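These notes are about the structure you will find just below.
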Amino acid sequence: MKKIYNSIAVLTLLFGASQATIAQTVVFGPEDYEGTMDATTNLPTDWQETGLSTDGIWAVGDETAASSQYWTVPAHPGGGVFAFSNDDACNCDKAEDRMILPEQDFSALSGFLTLFADVYHGGEYGNIGSVEVSTDQGATWTELGVVDNLTTWQIGISFDLSAYIGQIVWIAFRQNDGGTWASGFCVDNVSIENATAPAPDASVTAVTGEYTIMPLTQVNSSIGTGALVTNSGNADITNATVTSTVYDGGMNVVHTETSAPVALIAPAGSETVALTGYTPMSVDAYMVEYVVSIDEADVSSSNDSTMYSFVVSDSVYARDNGVVEGGLGFNADATNPVVEAELGQAFTVNALDTLSSVSMLLTNTGGGLDGTVVTATIYDVDPATGEPGNVLATTEGVTVDATENAIWDCVILNGLELNPGTYIVVANQPEDNLGLGYTSTIFTEGTTWNNSETLGTGWANNETYSFFVSFILRANFGEVVESTVGLSENEGSSLSIYPNPSTGNFNINMSGLASSNVDVNITDVSGKVVMNKSFNTVNGDLNAQINISSVDEGVYIVRVNGDQSIVKRIVVSNK
C-alpha cells in the first residue's frame with residue numbers, strides 16, 4: 001500500500017520533533033503489494049514462499065481478507081492491501097511460513113544497511129513473527145530480529161542488515177505458530193536503504209499497568225511511571241531521556257517530568273526508564289504522553305512519541321480496552337450436551353468498598369443466546385493455590401436477548417462489602433459456549449480463570465490453553481442498585497445524597513421507610529468510622545443534614561441502615 005507521509009508532518013508539528021538529513025539510497029522497494037501479483041504465489045514477482053501450511057502459505061489482501069474468528073486485523077493506517085499469514089483461519093502447521101524477498105546483492109555496498117517494514121503482530125496465543133537472513137539460498141536461516149507484540153500496526157520498524165554488506169543474501173519474514181494453533185503476521189511497505197553515515201533512531205513505547213479503568217476508591221498508585229526506549233537505528237544513542245506529560249480529560253497538563261538519562265543504548269537494544277508518575281485525584285479520563293530525546297540527531301521523528309489513556313471512574317473496574325476480538329466459552333458436544341462452566345477474572349481491592357454489580361460482554365453471534373439467563377459469581381482466593389476459593393455472592397440473573405456484542409449488567413442485591421484483598425469475578429456459562437468477549441491488547445498472566453465441572457478440567461488460567469487474553473468482564477463498585485428489598489412498595493421509595501461532591505456538608509433524603517429511626521454510618525475507604533448517628537423518620541421519610549467537613553478530601557462510604565442497608569458514596573473536595 002502507498003505510504004502516507006503527511007502523518008509524520010503532523011507529529012512534527014505537534015511535538016516539535018526534528019528530522020535529520022542522512023545520505024541514504026533505497027536499494028530495494030518500497031514494496032506495497034499494490035501491483036500485479038504472481039499467479040502462482042499470489043506475491044509480487046520474484047518473491048518466494050516456503051512453509052508447511054496447507055492454505056497457500058502467505059496471501060495478499062485487506063483487513064477483511066486477513067481477519068478470522070479469533071484473530072482480528074485492523075486496517076493499515078494508509079488503507080489498501082498487505083501480505084499476511086493467518087494460522088487461526090488455517091489451524092495448520094505454520095511454524096515455518098517464510099515470505100522471501102528477491103535475492104539481494106550487497107557486494108558493492110558500504111556503510112550502513114537497514115530493512116524497513118510496516119507490520120501488524122499481536123502475538124496472540126504464542127504466535128511469533130520474525131525476520132531471517134540466509135547466505136546459502138535458504139538452506140539455513142539466521143534470525144535477524146523478532147517483531148514486538150502490539151495491538152496496532154507498527155509503522156517503519158527497522159532491522160539492521162549492515163553485517164551482510166559485501167554478501168549476496170535472501171531475506172524472509174517468518175510466521176511461526178510453534179506447531180500449535182496461534183494467530184498470524186502481516187507485512188507491508190518493505191524497503192531496504194543504504195546509508196553512508198550512522199543513523200541513530202530512538203523510539204519509545206509505554207509501560208502500562210494491569211488495568212484500563214479503575215474506581216477512584218481503588219487508585220493507590222501512579223500512572224505514567226515507565227517507558228521503554230529502543231534503539232531502532234544502526235548507531236549508538238546516548239543520554240536518552242523520556243519526558244512524560246499527563247493530561248486530564250480537558251487536555252489540561254496536570255503533571256510533567258523528565259527521566260534520568262540512559263548513558264548508552266546500542267543498536268537493537270532497549271532500556272526501561274523509571275518515572276515518578278502521577279496519582280489521579282478525581283474521576284476523569286487521563287492521557288499519558290511520552291517523548292524521547294537523545295544527544296544525537298534522531299533520523300526519524302515518527303517513533304519519538306507515544307500516548308496511552310487511563311480512566312478513573314466512579315465505579316467501574318476493568319482489565320480490558322473495550323475492543324472485542326472474539327468470544328470464549330466451552331463447547332458442548334454429543335457426550336456433554338450441556339456444559340456448566342465458569343470464566344473469571346481477578347481484581348485487587350485496595351480499599352474497603354461495596355461491589356454492586358458485574359458487567360459482561362457477550363459476543364452472542366447470530367443471537368444464539370436469545371432467552372438465556374446469565375449470572376455471575378464472586379469468589380475469594382484460595383491462599384494455597386491462588387484459585388477461586390469460597391463463593392461470596394451470586395448476582396441476580398439477566399435474560400439475554402439477540403443483541404450481538406452487548407454488555408449485560410448482573411446486579412448484586414444489597415451489595416457485597418469487600419475488604420482489601422484479591423477477588424475473582426466469574427461469568428457462569430449455563431449452556432453451550434457463553435461467548436464471553438475478550439481482548440488481547442492488555443493481558444496479565446495469572447489473572448484470568450476458567451473451569452468446567454462437566455468436562456472435569458478444574459480451574460486453570462487462560463494461558464494454560466494458549467489464550468493470552470483478558471475478558472471484558474468488569475467489577476462495579478459504589479452505589480448499590482436495585483436495593484429496595486425491605487422497603488415499602490411505594491414506587492417513590494428512594495435515597496439521595498446531595499450535593500455530591502461536597503465540602504463535607506451534605507443532605508440525605510430517603511422515602512418509603514417503615515422503621516421509625518435510621519442509622520447513618522460513614523467510613524473512609526480504609527474502614528475507619530468518621531460518623532455513626534441515628535435519625536428519626538417522619539411519616540416514612542428521612543431528611544438529615546450531615547457535617548463531616550473536618551475530614552480530609554477523598555471518597556467516603558455512606559451506609560443508611562433502616563429497614564435494610566443501602567450504600568452510596570460521597571466525594572469530599574473543594575475544601
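The values are calculated or read from the model by the stated rules, or taken from the named source; none is laboratory data. Please read these numbers as outputs of a predicted model, since none were measured by experiment. Ideal geometry is used to build each Cβ from the backbone, glycine not excepted, and the neighbour counts take in all protein chains shown.
In the range 94-122, the residues that are on the phi > 0 side of the Ramachandran plot form Cβ pairs under 8 Å with partners that are not in a strand (DSSP E or B), at six or more places apart or across chains, as follows: Gly111/Ser162; Gly111/Ile165; Gly111/Thr196; Gly111/Ala197. Taking the criterion of being more than 14 Å from Ile497 (Cα to Cα) and of a type in the set (Phe, Trp, Tyr), the only residue of the range 515-561 that qualifies is Phe535.
Checking Glu463 against (1) among the acidic types (Asp, Glu); (2) in a loop (DSSP other than H, G, I, E, B); (3) closer than 18 Å to Thr151 by Cβ, only one condition comes out false. Which one? Single failed check for Glu463: (2).
Note on the range 411-438: residues that are of a type in the set (D, E, K, R) and under 15 Å from Asp380 (Cα atoms) total 1.
On the basis of being crowded, with 19+ Cβ neighbours inside 10 Å, in contact with a Phe, Trp or Tyr (Cβ under 9 Å, 6 or more places away or on another chain), aliphatic (A, V, I, L, M) and free of Cβ contacts under 8 Å to residues at least 60 places away in the same chain, does Val204 make the cut? Judged against the criteria, Val204 is not a match.
Only one entry of Asn189, Asn194 meets the criterion of being of a type outside the set (A, V, I, L, M), over 21 Å from Thr306 (Cβ atoms) and more than 26 Å from the chain's Cα centre (by Cα), and that entry is Asn194.
Would a scan of the range 288-299 turn up a residue that is at pLDDT 95 or above, in a loop (DSSP other than H, G, I, E, B) and out of contact with any Asp or Glu (no Cβ under 6 Å at 6 or more places or on another chain)? Within the range 288-299, one or more residues are at pLDDT 95 or above, in a loop (DSSP other than H, G, I, E, B) and out of contact with any Asp or Glu (no Cβ under 6 Å at 6 or more places or on another chain). Among the residues of the range 68-82, those identified as farther than 13 Å from Asp32 by Cα and either surrounded by 20 or more Cβ atoms within 10 Å (Cβ to Cβ) or among the aromatic types (Phe, Trp, Tyr) (or both) are Tyr70, Trp71, Thr72, Val73.
Could you please find all residues in the range 145-168 being of a type in the set (A, V, I, L, M), under 17 Å from Ile192 (Cβ atoms) and surrounded by fewer than 18 Cβ atoms within 10 Å (Cβ to Cβ)? Scanning the range 145-168 gives Ala163, Ile165, Ile168.
Can you find even one residue in the range 200-209 that is closer than 30 Å to Glu31 by Cβ, outside any loop (DSSP other than H, G, I, E, B), at pLDDT below 90 and more than 21 Å from the chain's Cα centre (by Cα)? So far as the range 200-209 goes, no, none of its residues is closer than 30 Å to Glu31 by Cβ, outside any loop (DSSP other than H, G, I, E, B), at pLDDT below 90 and more than 21 Å from the chain's Cα centre (by Cα). Scanning the range 27-67 for residues that are crowded, with 18+ Cβ neighbours inside 10 Å and among the hydroxyl-bearing types (Ser, Thr, Tyr) turns up Tyr33, Thr41, Ser53, Ser67.
Cβ-Cβ contacts under 8 Å between residues 6 or more apart (or on different chains), taken from a first residue in the range 347-369 that is over 28 Å from Tyr70 (Cβ atoms) to a second residue that is outside any loop (DSSP other than H, G, I, E, B) and of a type in the set (Gly, Ala, Ser), are listed as Thr348/Gly421; Val349/Gly421; Thr354/Gly415; Leu355/Ala393; Leu355/Gly415; Leu355/Ala475; Ser356/Gly415. Screening Asp105 against (1) buried (at least 19 other Cβ atoms within 10 Å of the Cβ); (2) at pLDDT 95 or above leaves a single unmet condition, (1). Within the range 108-129, being of a type in the set (Ser, Thr, Tyr) and either closer than 19 Å to Glu49 by Cα or surrounded by 20 or more Cβ atoms within 10 Å (Cβ to Cβ) (or both) holds for Thr114, Tyr120, Tyr125. Where strands (runs of 3 or more DSSP E) sit wholly within the range 350-426, those with at least 2 residues that are surrounded by 22 or more Cβ atoms within 10 Å (Cβ to Cβ) occupy 353-362, 376-381, 406-418. If the condition is being under 20 Å from the mean Cα position of the chain (by Cα) and among the polar types (S, T, N, Q), then the range 103-159 contributes Asn127, Asn149, Thr151, Thr152, Gln154.
In the condition set (1) of a type in the set (S, T, N, Q); (2) under 29 Å from Ser302 (Cα atoms); (3) surrounded by fewer than 18 Cβ atoms within 10 Å (Cβ to Cβ); (4) modelled with pLDDT of 95 or more, Ser85 is compliant with all but (3).
Within the range 239-269, being in contact (Cβ under 8 Å) with a residue 12 or more places away in the chain, loosely packed, with under 15 Cβ neighbours inside 10 Å and either part of a strand (DSSP E or B) or in contact with a Gly (Cβ under 9 Å, 6 or more places away or on another chain) (or both) holds for Asn239, Thr256, Glu257, Thr258, Ala263, Leu264. Where strands (runs of 3 or more DSSP E) sit wholly within the range 22-73, those with at least 3 residues that are in contact (Cβ under 8 Å) with a residue 40 or more places away in the chain and under 18 Å from Glu96 (Cα atoms) occupy 48-50. The requirement of being surrounded by fewer than 18 Cβ atoms within 10 Å (Cβ to Cβ) and either under 30 Å from Ala475 (Cβ atoms) or touching a Lys or Arg at 6+ places or on another chain (Cβ under 7 Å) (or both) is satisfied by Thr279. When each of Asn220, Asn189, Asn234 is tested for being part of a strand (DSSP E or B) and either in contact with a Phe, Trp or Tyr (Cβ under 8 Å, 6 or more places away or on another chain) or not basic (Lys, Arg) (or both), the lone residue that passes is Asn189.
Just to be sure, is Glu132 part of a strand (DSSP E or B), in contact with a Lys or Arg (Cβ under 9 Å, 6 or more places away or on another chain) and surrounded by fewer than 18 Cβ atoms within 10 Å (Cβ to Cβ)? The answer is no for Glu132.
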